[in-house]
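The structure under discussion appears below in the form of C-alpha coordinates.
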Amino acid sequence: MGPEDEKSDDFEVEMATLVRSSPVLMKTHNMGTCHIGSFVDFSQPLSVSRVVQRVFKSISVVIFQAKINLLLPFGPLAIILHYLTKKHGLVFFFSLLGIIPLAERLGYATEQLAFYTGPTVGGLLNATFGNATEMIISLYALGNGMIRVVQQSLLGSILSNMLLVLGCAFFSGGIVHYNKVQVFNKASAVVNSGLLLMAVMGLMFPAVLHFTHSEVQYGKSEVALSRFSSCIMLVAYASYLFFQLRSQHNSYNPIDEDERNTEDDSDEEEMPEITQWEAIAWLAVLTTWVSILSGYLVDAIQGASESLNLPVAFISVVLLPIVGNAAEHASAIMFAMKNKLDITLGVAIGSSTQISMFVIPFCVVVGWIMGKDMDLNFQLFETATLFITVLVVAFMLQEGTANYFKGLMLILCYLIVAASFFVHVDPASSDD
(Lines give C-alpha, C1' and ligand atoms only; values in the text may rest on other atoms or scores of the structure.)
Protein backbone atom coordinates (compact mmCIF):
# COMPACT_ATOMS: atom_id res chain seq x y z
CA MET A 1 0.00 0.00 0.00
CA GLY A 2 2.85 2.38 0.92
CA PRO A 3 4.83 2.00 -2.36
CA GLU A 4 1.66 2.53 -4.44
CA ASP A 5 0.90 5.75 -2.56
CA GLU A 6 4.47 6.95 -3.16
CA LYS A 7 4.19 6.20 -6.90
CA SER A 8 0.89 8.05 -7.02
CA ASP A 9 2.42 11.05 -5.26
CA ASP A 10 5.41 11.04 -7.64
CA PHE A 11 3.09 10.91 -10.67
CA GLU A 12 1.01 13.82 -9.36
CA VAL A 13 4.17 15.88 -8.80
CA GLU A 14 5.34 15.09 -12.35
CA MET A 15 1.93 16.00 -13.78
CA ALA A 16 1.87 19.29 -11.85
CA THR A 17 5.36 20.15 -13.14
CA LEU A 18 4.36 19.41 -16.74
CA VAL A 19 1.15 21.42 -16.43
CA ARG A 20 3.01 24.43 -15.06
CA SER A 21 5.44 24.29 -18.00
CA SER A 22 2.69 25.29 -20.48
CA PRO A 23 0.31 28.24 -20.08
CA VAL A 24 -2.39 26.48 -22.11
CA LEU A 25 -2.17 23.33 -20.03
CA MET A 26 -2.19 25.39 -16.84
CA LYS A 27 -5.53 26.86 -17.89
CA THR A 28 -6.84 23.41 -18.68
CA HIS A 29 -5.60 22.07 -15.36
CA ASN A 30 -7.37 24.85 -13.48
CA MET A 31 -10.60 23.95 -15.28
CA GLY A 32 -10.28 20.40 -13.98
CA THR A 33 -9.94 18.83 -17.44
CA CYS A 34 -7.08 17.52 -19.55
CA HIS A 35 -7.54 16.73 -23.24
CA ILE A 36 -3.97 16.40 -24.45
CA GLY A 37 -3.15 12.97 -25.78
CA SER A 38 0.39 13.08 -24.45
CA PHE A 39 -0.86 13.53 -20.90
CA VAL A 40 -3.09 10.50 -21.17
CA ASP A 41 -0.14 8.50 -22.41
CA PHE A 42 1.96 9.41 -19.36
CA SER A 43 -0.36 7.52 -17.05
CA GLN A 44 0.11 4.24 -18.90
CA PRO A 45 3.26 2.36 -19.96
CA LEU A 46 4.29 2.86 -23.57
CA SER A 47 4.04 -0.09 -25.93
CA VAL A 48 4.66 -0.69 -29.60
CA SER A 49 0.97 -0.89 -30.35
CA ARG A 50 0.27 2.41 -28.58
CA VAL A 51 3.13 4.11 -30.45
CA VAL A 52 1.88 2.81 -33.80
CA GLN A 53 -1.65 3.88 -32.93
CA ARG A 54 -0.44 7.36 -32.04
CA VAL A 55 1.55 7.64 -35.29
CA PHE A 56 -1.45 6.69 -37.42
CA LYS A 57 -3.63 9.13 -35.51
CA SER A 58 -1.11 11.94 -36.06
CA ILE A 59 -0.91 11.14 -39.80
CA SER A 60 -4.70 11.14 -39.99
CA VAL A 61 -4.93 14.56 -38.33
CA VAL A 62 -2.13 16.25 -40.29
CA ILE A 63 -2.49 14.65 -43.74
CA PHE A 64 -6.14 13.70 -44.20
CA GLN A 65 -7.82 16.50 -42.23
CA ALA A 66 -7.33 19.35 -44.73
CA LYS A 67 -8.93 19.24 -48.18
CA ILE A 68 -6.09 21.32 -49.62
CA ASN A 69 -3.90 18.22 -49.27
CA LEU A 70 -5.53 16.97 -52.46
CA LEU A 71 -2.76 18.97 -54.17
CA LEU A 72 -0.02 16.86 -52.54
CA PRO A 73 0.38 14.46 -55.54
CA PHE A 74 1.53 17.37 -57.71
CA GLY A 75 4.86 17.35 -55.83
CA PRO A 76 5.94 13.81 -56.80
CA LEU A 77 4.46 14.41 -60.26
CA ALA A 78 6.73 17.43 -60.71
CA ILE A 79 9.77 15.31 -59.81
CA ILE A 80 8.71 12.60 -62.29
CA LEU A 81 8.21 15.15 -65.07
CA HIS A 82 11.63 16.62 -64.31
CA TYR A 83 13.33 13.34 -65.21
CA LEU A 84 10.99 12.13 -67.96
CA THR A 85 10.34 15.32 -69.94
CA LYS A 86 12.00 18.61 -70.76
CA LYS A 87 8.86 20.68 -70.15
CA HIS A 88 10.22 22.99 -67.47
CA GLY A 89 7.05 25.08 -67.51
CA LEU A 90 5.00 22.10 -66.28
CA VAL A 91 7.62 21.19 -63.69
CA PHE A 92 7.57 24.77 -62.41
CA PHE A 93 3.77 24.88 -62.29
CA PHE A 94 3.36 21.47 -60.62
CA SER A 95 6.07 22.33 -58.08
CA LEU A 96 4.13 25.46 -57.17
CA LEU A 97 0.95 23.42 -56.66
CA GLY A 98 2.78 20.76 -54.66
CA ILE A 99 4.32 23.26 -52.23
CA ILE A 100 1.01 25.00 -51.42
CA PRO A 101 -0.50 22.25 -49.20
CA LEU A 102 2.87 21.59 -47.56
CA ALA A 103 3.11 25.26 -46.64
CA GLU A 104 -0.39 25.22 -45.17
CA ARG A 105 0.38 22.13 -43.08
CA LEU A 106 3.65 23.74 -41.99
CA GLY A 107 1.65 26.66 -40.62
CA TYR A 108 -0.72 24.23 -38.91
CA ALA A 109 2.13 22.34 -37.22
CA THR A 110 3.66 25.61 -36.06
CA GLU A 111 0.33 26.72 -34.62
CA GLN A 112 0.13 23.45 -32.69
CA LEU A 113 3.65 23.98 -31.36
CA ALA A 114 2.78 27.58 -30.39
CA PHE A 115 0.32 26.16 -27.82
CA TYR A 116 3.33 24.93 -25.86
CA THR A 117 5.88 27.69 -26.52
CA GLY A 118 3.86 30.89 -26.33
CA PRO A 119 3.46 33.65 -28.95
CA THR A 120 7.04 35.01 -28.98
CA VAL A 121 8.86 31.72 -29.41
CA GLY A 122 6.04 30.45 -31.64
CA GLY A 123 6.48 33.34 -34.05
CA LEU A 124 10.25 32.90 -34.03
CA LEU A 125 9.91 29.18 -34.79
CA ASN A 126 7.49 29.87 -37.63
CA ALA A 127 9.83 32.42 -39.15
CA THR A 128 12.75 29.98 -38.83
CA PHE A 129 10.98 27.01 -40.43
CA GLY A 130 9.39 29.24 -43.04
CA ASN A 131 12.80 30.62 -44.07
CA ALA A 132 14.46 27.21 -44.24
CA THR A 133 13.31 26.93 -47.86
CA GLU A 134 14.79 30.30 -48.81
CA MET A 135 18.10 29.45 -47.13
CA ILE A 136 18.41 26.08 -48.88
CA ILE A 137 17.51 27.63 -52.26
CA SER A 138 20.06 30.39 -51.69
CA LEU A 139 22.87 28.02 -50.73
CA TYR A 140 22.03 25.79 -53.72
CA ALA A 141 22.12 28.77 -56.11
CA LEU A 142 25.22 30.22 -54.45
CA GLY A 143 27.10 26.97 -54.92
CA ASN A 144 26.27 27.17 -58.64
CA GLY A 145 27.49 30.76 -58.87
CA MET A 146 23.98 32.22 -59.31
CA ILE A 147 24.67 35.20 -57.06
CA ARG A 148 22.05 37.44 -58.66
CA VAL A 149 19.34 34.81 -58.19
CA VAL A 150 20.28 34.59 -54.50
CA GLN A 151 20.02 38.36 -54.08
CA GLN A 152 16.74 38.70 -55.96
CA SER A 153 14.99 35.77 -54.27
CA LEU A 154 15.95 36.95 -50.78
CA LEU A 155 14.92 40.53 -51.58
CA GLY A 156 11.62 39.22 -52.94
CA SER A 157 11.06 37.25 -49.75
CA ILE A 158 11.46 40.39 -47.65
CA LEU A 159 9.12 42.42 -49.86
CA SER A 160 6.55 39.62 -49.97
CA ASN A 161 6.54 39.17 -46.19
CA MET A 162 6.32 42.87 -45.36
CA LEU A 163 3.72 43.88 -47.93
CA LEU A 164 1.76 40.87 -49.20
CA VAL A 165 1.79 38.53 -46.18
CA LEU A 166 1.28 41.26 -43.58
CA GLY A 167 -1.26 43.04 -45.79
CA CYS A 168 -3.36 39.90 -46.33
CA ALA A 169 -3.17 39.13 -42.60
CA PHE A 170 -4.33 42.62 -41.59
CA PHE A 171 -7.05 42.59 -44.25
CA SER A 172 -8.39 39.14 -43.28
CA GLY A 173 -8.22 39.87 -39.56
CA GLY A 174 -9.91 43.23 -40.08
CA ILE A 175 -12.77 41.66 -42.05
CA VAL A 176 -13.36 38.93 -39.46
CA HIS A 177 -13.10 41.37 -36.53
CA TYR A 178 -14.65 44.36 -38.28
CA ASN A 179 -16.49 45.49 -35.15
CA LYS A 180 -13.34 46.11 -33.10
CA VAL A 181 -9.80 47.41 -33.47
CA GLN A 182 -7.13 44.72 -33.40
CA VAL A 183 -4.21 45.59 -31.12
CA PHE A 184 -0.68 44.22 -31.15
CA ASN A 185 2.46 44.83 -29.11
CA LYS A 186 3.98 48.04 -30.46
CA ALA A 187 7.32 47.54 -28.66
CA SER A 188 8.16 44.44 -30.67
CA ALA A 189 7.16 46.12 -33.96
CA VAL A 190 9.40 49.13 -33.22
CA VAL A 191 12.42 46.91 -32.52
CA ASN A 192 11.87 44.95 -35.74
CA SER A 193 11.48 48.17 -37.72
CA GLY A 194 14.79 49.39 -36.34
CA LEU A 195 16.52 46.17 -37.35
CA LEU A 196 15.04 46.38 -40.85
CA LEU A 197 16.35 49.94 -41.20
CA MET A 198 19.76 48.71 -40.07
CA ALA A 199 19.60 46.02 -42.78
CA VAL A 200 18.74 48.68 -45.36
CA MET A 201 21.78 50.65 -44.23
CA GLY A 202 23.94 47.56 -44.63
CA LEU A 203 22.66 47.07 -48.19
CA MET A 204 22.74 50.75 -49.15
CA PHE A 205 26.39 51.63 -48.54
CA PRO A 206 27.89 48.94 -50.84
CA ALA A 207 25.45 49.99 -53.57
CA VAL A 208 26.23 53.70 -53.13
CA LEU A 209 29.95 52.94 -53.01
CA HIS A 210 29.67 51.06 -56.31
CA PHE A 211 27.50 53.53 -58.23
CA THR A 212 29.43 56.62 -57.10
CA HIS A 213 32.70 54.98 -58.21
CA SER A 214 34.32 56.01 -54.95
CA GLU A 215 35.92 52.67 -54.09
CA VAL A 216 39.57 52.50 -53.09
CA GLN A 217 39.89 49.28 -55.10
CA TYR A 218 37.22 48.88 -57.77
CA GLY A 219 35.29 45.64 -57.40
CA LYS A 220 37.05 44.67 -54.17
CA SER A 221 36.17 47.38 -51.66
CA GLU A 222 32.42 46.75 -51.88
CA VAL A 223 32.97 43.00 -51.32
CA ALA A 224 35.22 43.69 -48.31
CA LEU A 225 32.69 46.18 -46.91
CA SER A 226 29.87 43.68 -47.46
CA ARG A 227 31.71 40.95 -45.57
CA PHE A 228 32.49 43.27 -42.66
CA SER A 229 28.90 44.57 -42.54
CA SER A 230 27.56 41.00 -42.70
CA CYS A 231 29.54 40.01 -39.61
CA ILE A 232 28.21 43.08 -37.78
CA MET A 233 24.63 42.25 -38.84
CA LEU A 234 24.98 38.67 -37.59
CA VAL A 235 26.16 39.97 -34.21
CA ALA A 236 23.24 42.40 -34.13
CA TYR A 237 20.74 39.63 -34.90
CA ALA A 238 22.19 37.36 -32.21
CA SER A 239 21.90 40.25 -29.74
CA TYR A 240 18.31 40.78 -30.84
CA LEU A 241 17.44 37.15 -30.15
CA PHE A 242 18.92 37.39 -26.66
CA PHE A 243 17.08 40.67 -26.09
CA GLN A 244 13.77 39.26 -27.27
CA LEU A 245 13.84 35.88 -25.55
CA ARG A 246 15.68 36.74 -22.34
CA SER A 247 16.36 40.30 -21.30
CA GLN A 248 13.04 41.90 -22.29
CA HIS A 249 10.78 38.84 -22.22
CA ASN A 250 8.06 40.56 -20.19
CA SER A 251 7.80 43.51 -22.57
CA TYR A 252 6.65 41.19 -25.36
CA ASN A 253 3.62 39.91 -23.48
CA PRO A 254 0.15 41.34 -24.31
CA ILE A 255 0.18 44.99 -23.25
CA ASP A 256 -3.38 45.22 -21.97
CA GLU A 257 -4.80 43.13 -19.15
CA ASP A 258 -8.29 43.07 -20.70
CA GLU A 259 -6.84 41.78 -23.95
CA ARG A 260 -4.91 39.17 -21.98
CA ASN A 261 -8.17 37.92 -20.47
CA THR A 262 -9.77 37.84 -23.92
CA GLU A 263 -6.90 35.78 -25.29
CA ASP A 264 -7.15 33.45 -22.30
CA ASP A 265 -10.83 32.87 -23.03
CA SER A 266 -10.11 32.08 -26.67
CA ASP A 267 -7.29 29.73 -25.72
CA GLU A 268 -9.56 27.85 -23.34
CA GLU A 269 -11.83 27.04 -26.27
CA GLU A 270 -8.94 25.71 -28.38
CA MET A 271 -6.81 22.69 -27.53
CA PRO A 272 -3.83 21.18 -29.37
CA GLU A 273 -4.68 18.29 -31.65
CA ILE A 274 -1.17 16.80 -31.65
CA THR A 275 1.52 16.63 -28.98
CA GLN A 276 4.57 18.86 -28.79
CA TRP A 277 7.03 16.26 -30.10
CA GLU A 278 4.65 15.29 -32.90
CA ALA A 279 4.49 18.95 -33.96
CA ILE A 280 8.31 19.17 -33.96
CA ALA A 281 8.58 15.97 -36.00
CA TRP A 282 6.03 17.20 -38.56
CA LEU A 283 7.85 20.54 -38.86
CA ALA A 284 11.06 18.68 -39.71
CA VAL A 285 9.37 16.35 -42.23
CA LEU A 286 7.40 19.10 -43.97
CA THR A 287 10.38 21.46 -44.13
CA THR A 288 12.51 18.72 -45.71
CA TRP A 289 9.87 17.96 -48.36
CA VAL A 290 9.33 21.65 -49.14
CA SER A 291 13.08 22.11 -49.54
CA ILE A 292 13.29 19.15 -51.96
CA LEU A 293 10.49 20.51 -54.13
CA SER A 294 12.05 23.98 -54.01
CA GLY A 295 15.22 22.59 -55.57
CA TYR A 296 13.28 21.32 -58.59
CA LEU A 297 11.44 24.63 -58.67
CA VAL A 298 14.72 26.55 -58.99
CA ASP A 299 16.02 24.23 -61.71
CA ALA A 300 12.90 24.91 -63.77
CA ILE A 301 13.03 28.72 -63.50
CA GLN A 302 14.97 29.35 -66.71
CA GLY A 303 12.79 27.02 -68.76
CA ALA A 304 9.64 28.46 -67.22
CA SER A 305 10.84 31.97 -68.05
CA GLU A 306 11.18 31.02 -71.72
CA SER A 307 7.89 29.12 -71.94
CA LEU A 308 5.87 31.71 -70.00
CA ASN A 309 7.68 34.67 -71.61
CA LEU A 310 8.43 36.23 -68.23
CA PRO A 311 11.72 37.81 -67.12
CA VAL A 312 13.82 35.68 -64.77
CA ALA A 313 14.09 38.68 -62.44
CA PHE A 314 10.30 38.90 -62.14
CA ILE A 315 10.06 35.17 -61.38
CA SER A 316 12.86 35.42 -58.80
CA VAL A 317 11.55 38.54 -57.03
CA VAL A 318 7.77 37.99 -57.25
CA LEU A 319 6.66 34.45 -58.12
CA LEU A 320 9.31 32.43 -56.31
CA PRO A 321 9.03 34.28 -52.94
CA ILE A 322 5.23 33.93 -52.98
CA VAL A 323 5.64 30.16 -52.95
CA GLY A 324 8.57 30.25 -50.55
CA ASN A 325 6.55 32.43 -48.17
CA ALA A 326 3.39 30.36 -48.49
CA ALA A 327 3.96 28.94 -45.02
CA GLU A 328 4.20 32.41 -43.48
CA HIS A 329 1.28 33.58 -45.63
CA ALA A 330 -1.08 30.84 -44.48
CA SER A 331 -0.11 30.93 -40.81
CA ALA A 332 -0.08 34.76 -40.57
CA ILE A 333 -3.62 34.96 -41.97
CA MET A 334 -4.74 32.13 -39.72
CA PHE A 335 -3.39 33.82 -36.59
CA ALA A 336 -4.79 37.23 -37.59
CA MET A 337 -8.27 35.78 -38.08
CA LYS A 338 -7.99 34.35 -34.55
CA ASN A 339 -7.00 37.81 -33.23
CA LYS A 340 -3.44 36.72 -32.40
CA LEU A 341 -1.63 39.62 -34.02
CA ASP A 342 1.49 39.25 -31.87
CA ILE A 343 2.16 35.90 -33.56
CA THR A 344 1.19 37.39 -36.94
CA LEU A 345 3.84 40.09 -36.59
CA GLY A 346 6.33 37.52 -35.35
CA VAL A 347 5.68 35.54 -38.52
CA ALA A 348 5.58 38.31 -41.15
CA ILE A 349 7.88 41.05 -39.81
CA GLY A 350 9.98 38.54 -37.86
CA SER A 351 10.58 36.56 -41.03
CA SER A 352 11.65 39.70 -42.92
CA THR A 353 13.97 40.63 -40.08
CA GLN A 354 15.48 37.16 -40.04
CA ILE A 355 16.09 37.15 -43.80
CA SER A 356 17.62 40.64 -43.85
CA MET A 357 19.70 40.32 -40.67
CA PHE A 358 20.60 36.62 -40.74
CA VAL A 359 19.99 34.81 -44.05
CA ILE A 360 21.52 37.49 -46.31
CA PRO A 361 24.64 38.06 -44.15
CA PHE A 362 24.96 34.31 -43.68
CA CYS A 363 24.99 33.80 -47.45
CA VAL A 364 27.70 36.47 -47.77
CA VAL A 365 29.84 34.68 -45.18
CA VAL A 366 29.22 31.27 -46.80
CA GLY A 367 30.11 32.75 -50.19
CA TRP A 368 33.29 34.11 -48.62
CA ILE A 369 34.16 30.58 -47.48
CA MET A 370 33.29 29.15 -50.92
CA GLY A 371 35.39 31.77 -52.68
CA LYS A 372 32.33 33.43 -54.25
CA ASP A 373 32.10 37.24 -54.45
CA MET A 374 28.65 37.41 -52.85
CA ASP A 375 28.13 40.97 -51.62
CA LEU A 376 25.45 43.28 -50.28
CA ASN A 377 25.26 45.36 -53.46
CA PHE A 378 21.69 44.53 -54.49
CA GLN A 379 21.75 47.25 -57.20
CA LEU A 380 20.22 50.69 -56.86
CA PHE A 381 16.67 49.85 -57.95
CA GLU A 382 16.28 46.94 -55.53
CA THR A 383 17.85 48.81 -52.61
CA ALA A 384 15.58 51.83 -53.12
CA THR A 385 12.54 49.53 -53.30
CA LEU A 386 13.48 47.89 -50.00
CA PHE A 387 14.11 51.26 -48.31
CA ILE A 388 10.70 52.65 -49.31
CA THR A 389 8.98 49.40 -48.28
CA VAL A 390 10.52 49.47 -44.81
CA LEU A 391 9.42 53.10 -44.35
CA VAL A 392 5.83 52.35 -45.43
CA VAL A 393 5.51 49.35 -43.12
CA ALA A 394 7.11 51.23 -40.21
CA PHE A 395 4.50 53.99 -40.55
CA MET A 396 1.70 51.39 -40.69
CA LEU A 397 2.89 49.76 -37.46
CA GLN A 398 3.64 52.85 -35.38
CA GLU A 399 0.13 53.07 -33.85
CA GLY A 400 0.07 49.47 -32.61
CA THR A 401 -3.32 48.80 -34.24
CA ALA A 402 -4.46 46.93 -37.34
CA ASN A 403 -7.54 47.04 -39.55
CA TYR A 404 -8.62 45.93 -43.02
CA PHE A 405 -7.79 49.32 -44.58
CA LYS A 406 -4.12 49.11 -43.55
CA GLY A 407 -4.02 45.61 -44.97
CA LEU A 408 -5.52 46.80 -48.25
CA MET A 409 -2.92 49.58 -48.50
CA LEU A 410 -0.06 47.11 -48.01
CA ILE A 411 -1.50 44.77 -50.66
CA LEU A 412 -1.85 47.63 -53.15
CA CYS A 413 1.74 48.70 -52.42
CA TYR A 414 2.90 45.18 -53.24
CA LEU A 415 1.05 45.29 -56.55
CA ILE A 416 2.96 48.48 -57.43
CA VAL A 417 6.26 46.81 -56.51
CA ALA A 418 5.39 43.70 -58.55
CA ALA A 419 4.49 45.83 -61.59
CA SER A 420 7.77 47.73 -61.23
CA PHE A 421 9.81 44.54 -61.38
CA PHE A 422 7.77 43.31 -64.34
CA VAL A 423 9.04 46.23 -66.43
CA HIS A 424 12.50 46.35 -64.81
CA VAL A 425 15.55 45.08 -66.70
CA ASP A 426 18.21 43.66 -64.42
CA PRO A 427 21.52 45.37 -65.24
CA ALA A 428 23.49 42.52 -63.62
CA SER A 429 21.71 39.67 -65.44
CA SER A 430 24.76 39.07 -67.58
CA ASP A 431 26.82 38.32 -64.46
CA ASP A 432 24.86 35.11 -63.78
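The values are calculated or read from the model by the stated rules, or taken from the named source; none is laboratory data. Please read these numbers as outputs of a predicted model, since none were measured by experiment. Using ideal geometry, Cβ is built from the backbone for each residue, glycine included, and neighbour counts are taken over all protein chains shown. For accessibility, only protein heavy atoms count, side chains too; no ligands or nucleic acids. Shrake-Rupley method; radii C 1.70, N 1.55, O 1.52, S 1.80 Å.
Annotations
- The chymotrypsin sites (Phe, Trp or Tyr not before Pro) found in the range 100-207 that occupy coil by DSSP, while having at most 11 further C-beta atoms within 10 Å, are TYR178.
- Each peptide in 223-235, 348-360 gets a packing score, the mean of other Cβ atoms within 10 Å over its residues, and the list from highest to lowest is 348-360, 223-235.
- Packing around the peptides 401-413, 193-205, taken as the average count of other Cβ atoms within 10 Å per residue, puts them in this order, highest first: 193-205, 401-413.
- Translational diffusion coefficient (Stokes-Einstein; Kirkwood radius from C-alpha pairs) of the range 160-244 at 10 °C, 1.306 mPa s, in µm²/s: 100
- Relative intensity, log₁₀ I(q)/I(0), of the range 335-385 from a Debye sum that treats every alpha carbon as a point, q = 0.17, 0.18 Å⁻¹: -0.67, -0.71
- Taking amide hydrogens as placed 1.01 Å from N in the peptide plane, the amide H of GLN182 sits under 5 Å from those of ALA402, each at least 5 positions away in sequence or on another chain.
- Derived scalar couplings ³J(HN,Hα) [the range 135-143; Karplus, 6.51 cos²θ - 1.76 cosθ + 1.60; whole Hz; x for Gly, Pro]: 5, 5, 4, 5, 5, 5, 5, 5, x
- Solvent-accessible heavy-atom area per residue, rounded to whole Å², over the range 267-408 at 1.4 Å: 37
- Vicinal HN-Hα couplings computed from phi for the range 149-157 (Karplus, 6.51 cos²θ - 1.76 cosθ + 1.60; Hz; Gly/Pro x): 5, 4, 4, 5, 5, 5, 4, x, 5
- Point-to-point label distance, ILE388-VAL216, nm (Cα→Cβ direction, 7 Å offset): 3.5
- Accessible solvent surface per residue of the range 192-231, calculated while the other protein chains remain in place, 1.4 angstrom probe, Å²: 52
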